[in-house]
Amino acid sequence: MADQLDPTPYDALLLLSFGGPEGPDDVVPFLENVTAGRGIPRERLKEVGRHYYLFGGVSPINAQNRELLQALRKDFAEHGLDLPVYWGNRNWAPYLTDTLRTMVDDGHRRVLVLATSAYASYSGCRQYRENLADALATLAAEGRELPRVDKLRHYFNHPGFVRPMIDAVLRALAELPEDVRSGAHLAFTTHSIPTAAADTSGPVEAHGDGGAYVAEHLDTARVIADAVREATGVERPWRLVYQSRSGAPHIPWLEPDVCDHLEAEHAAGAPAVVMVPIGFVSDHMEVKYDLDTEAAAKAAELGLPVARAATVGADPRFAAAVRELVLERSAVERGESVQRCALGELGPSHDVCPIGCCPARGPRPAAAGLD
Ligand SMILES: CC1=C(CCC(=O)O)c2cc3nc(cc4[nH]c(cc5[nH]c(cc1n2)c(C)c5CCC(=O)O)c(CCC(=O)O)c4C)C(CCC(=O)O)=C3C
Ligand SMILES: [Fe+2]
């Protein structure tokens, strides 16, 4: 039996995610939840609905979060960390508000949140903090005692997030035909966001020029590219590219798009490309459709061999990283000095989002931060 680990002052962990439809009838209401008031063109919504129907109306994301929950509970139990883990979503059942209500009714007062988004951005950070504030407001209106809620720091550069992706790139390279393997380029992909959102991502001092969102992705991409070079003895061209653009066409979003990039790579004579979705925590719909279906079709049309690296998903090293992050933050809250693991050059991200971090689109309250 392992010695007990101490998560004081926290008494529960909340896995906070996006949510996805679990059958054809869920698709339209799910998309309405996602896009309420966001000005996504109707045509784009129809198109995205089609992606889900191609997969029977089922997003892979909920099953993947159930697996991650299992992995976290197993890791915590094996290491003597007695901390219950709950799961709630922004856009689909189990909804965040319902989960938080259960947590409060189960007696929890200090909740730590793990969001399934590793980088700074409005969509990946502040929007979750707004969701937490909304859920807390609902519980307050119901007369419930509110828990204190904190969010774990961004883990884009944590070894437990990065190392599984290095292995995944090596596995993807091994899937390529042998004659193009050593010449294969790397395309690190993440969700495109409006350039205005990228430029204001992260703390104020990181604003401008893609902000923390782009800087963090570049940092992680560089660590992975360096490790792959060491492992394979080959220097490969690599680039950060974007996928899953939505929004109105006249609003600038981060570019290049992964499909345009594959075209450019092919035209420039790249023998093969490995797509590495570093922006995502699991192989959910943005990966299964936008990369494995759409980008793969583009590559086939070009005659360009491609392979796609797996995301971390429920890798035990990621579960262990979450345990380390929980213990790190617990120690910080107790006023103890801690060692913070981080690869790359940016160093460990902040514990608490400062004022002006990934600013809101309108005046909306956000929890677990200074504003
Ligand atoms: C940065 C980022 C992440 C990565 C970080 C993170 O993981 O949080 C992410 C993840 C995800 N995005 C997802 C799905 C969708 N995102 C949409 C729309 C949007 N995403 C945006 C950004 C991000 N999104 C933005 C700026 C929009 C425009 C509308 C708005 O400003 O809010 C839409 C609307 C239709 C469309 O236009 O695509 C859908 C259906 C799913 C679930 C997949 C599944 O079901 O398996 C996941 C994990
Ligand atoms: Fe999205």
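The values are calculated or read from the model by the stated rules, or taken from the named source; none is laboratory data. As the structure is a prediction and not an experimental result, all values here were calculated from the model. Here the Cβ positions follow ideal geometry from the backbone for every residue, glycine too, while neighbour counts run over all protein chains shown.
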inquiry  = Within region 172-190, does at least one residue satisfy the condition of being within 16 Å of ligand 2 (Cβ to nearest atom), touching a residue at least 40 places away in the same chain (Cβ under 8 Å) and outside the structural domain of residue 95 (by TED's automatic domain parsing)?
reply    = yes
Checklist (1) touching an Asp or Glu at 6+ places or on another chain (Cβ under 6 Å); (2) assigned to a loop (DSSP other than H, G, I, E, B); (3) modelled with pLDDT of 95 or more applied to residue 364, failing item = (3)
key: Conditions (1) within 13 Å of ligand 1 (Cβ to nearest atom); (2) closer than 30 Å to residue 321 by Cα; number of the one not met by residue 88   = (1)
inquiry  = Being of a type in the set (Ser, Thr, Tyr) and touching an Asp or Glu at 6+ places or on another chain (Cβ under 6 Å): is that true of residue 155 here?
reply    = no
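Please pick out the residue among 12, 36 that is of a type outside the set (Ser, Thr, Tyr) and either farther than 22 Å from residue 100 by Cβ or modelled with pLDDT of 95 or more (or both).
Values: 36 fails: either farther than 22 Å from residue 100 by Cβ or modelled with pLDDT of 95 or more (or both).
Answer to the check: 12.
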message = Return the residues of region 294-329 that are touching a strand residue (DSSP E or B) at 6+ places or on another chain (Cβ under 8 Å) and outside any loop (DSSP other than H, G, I, E, B); say none if nothing qualifies.
response = 295, 296, 299, 306, 307, 308, 322, 323, 325, 326, 327, 329
query = Can you find a residue in region 239-259 that is away from ligand 2 (no atom under 16 Å from the Cβ), at negative phi, at pLDDT 95 or above and in contact with a Gly (Cβ under 8 Å, 6 or more places away or on another chain)?
reply = no
ask   = Does region 35-50 contain at least one residue that is surrounded by 18 or more Cβ atoms within 10 Å (Cβ to Cβ) and among the acidic types (Asp, Glu)?
value = no
key: Filtered residues of region 59-99 (kept if away from ligand 2 (no atom under 16 Å from the Cβ), part of a strand (DSSP E or B) and within 20 Å of the chain's Cα centre (by Cα))   = 85, 86, 87, 88, 95
remark   = Within region 226-252, residues buried (at least 21 other Cβ atoms within 10 Å of the Cβ) and of a type in the set (Gly, Ala, Ser) come out as 244
key: Unique match (being within 30 Å of residue 39 (Cα to Cα) and either without any contact (Cβ under 8 Å) to a residue 40 or more places away in the chain or touching a Pro at 6+ places or on another chain (Cβ under 9 Å) (or both)) among 305, 256   = 256
query = How many residues, within region 253-272, are under 22 Å from residue 182 (Cβ atoms) and either exposed (fewer than 15 other Cβ atoms within 10 Å of the Cβ) or touching a Ser or Thr at 6+ places or on another chain (Cβ under 8 Å) (or both)?
reply = 4
inquiry  = Tell me the residue from 49, 37, 56 that is part of a loop (DSSP other than H, G, I, E, B), touching a residue at least 12 places away in the same chain (Cβ under 8 Å) and within 15 Å of ligand 1 (Cβ to nearest atom), please.
reply    = 56
Subset of region 118-144 (residues that are closer than 19 Å to residue 356 by Cβ, near ligand 1 (Cβ under 9 Å from one of its atoms) and outside any helix (DSSP H, G or I)) = 119, 121
key: Per-region count, region 8-34, residues more than 16 Å from ligand 2 (Cβ to nearest atom) and in a helix (DSSP H, G or I)   = 5
key: Filter result for the condition that a residue is under 24 Å from residue 63 (Cα atoms) and more than 16 Å from ligand 2 (Cβ to nearest atom), over 300, 331, 296   = 296
ask   = Wholly within region 161-244, which helices (runs of 4 or more DSSP H) include no fewer than the required count, namely at least 2 residues that are away from ligand 1 (no atom under 15 Å from the Cβ) and touching an Asp or Glu at 6+ places or on another chain (Cβ under 7 Å)?
value = 211-232
